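A short worksheet on the structure shown next.
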Amino acid sequence: MLYRVGLLMVAIVGGGLAGLSTAYHLLDSVPGGGGNDRVNVSSSSSSSSSSRAAGGGMHITIFDKANVGEGGASSVAGGLIHPFSPSGKLVHFGVAALDKSNILIDLASKYQPQCSLRPNLYRIALSADNRDQLRRSADQCPNLATWLSEECVREKLGISSSFGGLEMGNGCRAIHVPAYLRGLFDECVTKARSVAGSSIRWELVRMPSSREEGRTAMQRCDEPREEETNESWDDVESMNRHLAKYDVVILSAGADILRDRLVDGGERRLPVQLVRGQSIEITSLTTTTTDENGIPNEALLCGKYVSPLPSDDTTNNSSSSRRFVIGATHEFKDDPLNAEEVIDELKSRTYELAKSLWDSGTIDRVTSGVRLQTHRGRFGRMPIVGRYINNGADGVRHRNSWIFTGLSSRGLLYHGLFASWLANAVLHDDEEKLRDEFAEFDWWRTS
């Protein structure tokens, strides 16, 4: 049974991959939302916490410090989605998560066709050990990965020095994450209009801890300018007074969970750490769309990645600039690498994949984002999801709050699957619904 009669007011704090996918699955699961797996509706008219009748609708407000697709680590993510670990093993829930995410990507593509960039990924082996690992991946997952010999890699991708590689498909692909987020929000708007009495809106807000004193460089990274917001939560109390108007609060920010002190106790309470990733965007002027000049035209991985960005060419002629993103660093220190250090590190790790791009391309800019990375556990790095109960003096304090964070580098893979589970648990007001899907979903409480 759903748990409440009448309009359900939901606040989602953080509008990246976690927040937007949660919004979509909430709207898709309520009566009239159109979801195939939506929850059953009780005929009870009770307004207790055990039932919610049909027809009440849902109003979702997403609070974020930047516009859709413009803030946080999600907006500068590499955009490569696949279910394999660095060693080539399938990650936990990998195939199911890939399928769920691709449903959302296809929906977003209706509004933002440019969000889908390449239908395949290529993982290149640069050592004999890596070759053996990737060949096992192809043997174990033939529906997702095909082994390419060294000669095939040279002919197909123009990479002269490798130990072979994988061609990954059947849902493994490259997308432009900012365009995807905009498209997914558009789908949420459409979905809300189809559900009687429902709506969704995006509200720019200044978080209470978005001020300079006492904050490290990692914590200050990528803060939006104050004038970009239309509301300011000057302190924790004003934030909590505002959120008290809502029936449900979902904390889905990534690094801002810590940086804006949304969780009391921060890293002492959650098994997480902040990780900075810096990438470069580079442009190459080519006269052909083939690889004969050694410029990659596919999404490539080798620990780091080289991936196309959406073309800015509107003339449809054969002489056009081609843009790529190369990333990303993995930085734990408070002080970031400078631009020269970023370029040197990424070039040393990806030069064999894109020699001509490095030699002839023009670096446009260095991008930076800070991710919230969970500690490694029995199932690898799993997201944090579940009820959030705060009895402390700081952070969000709400009678019915939930948390979904810690997606880190697997955000594109896991955001759809875990959001669907969370939406079902929220609408039933029953955290044990999460356990039905993932028996150890609350690993983070005992880590």
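Computed 3J(HN,Hα) for the stretch 419-425, one whole-Hz value per residue from the Karplus formula 6.51 cos²θ - 1.76 cosθ + 1.60 where θ = phi - 60°, is 5, 5, 5, 5, 4, 5, 5, glycine and proline marked x.
Straight Cα distances below 29 angstrom link K355 to the lysines K89, K156, K304, K347, with same-chain residues fewer than 8 positions distant left out. Taking the Cα of F332, stepping 7 Å toward and past its beta carbon, and measuring to each backbone N in the stretch 369-392: which are under 20 Å? Zone members listed by number: 369-384.
Over every pair of different alpha-carbon atoms in the stretch 335-447, take the mean of 1/r and invert it; report that Kirkwood radius in Å.
Its Kirkwood hydrodynamic radius stands at 17.4 Å.
What length, rounded to one decimal in nm, is gained on full extension from R154 through to K347, with 0.36 nm per residue of separation minus their alpha-carbon distance? Full-extension gain reported as 67.5 nm. Checking every one of the trypsin sites (Lys or Arg not before Pro) in the stretch 337-412 against DSSP loop status and a limit of 16 other Cβ atoms within 10 Å picks out R376, R378, R399.
Residue separation times 0.36 nm, minus the C-alpha to C-alpha distance between S194 and E432: what's the value?
Net length gain for the segment: 82.8 nm.
We did not get these values from a lab; they are worked out from the coordinates using the rules stated. Keep in mind that this is a model prediction, so the values were computed, not measured. Quick reminder, even Gly has a Cβ in these numbers, built from the backbone with ideal geometry, and neighbours come from all protein chains shown.
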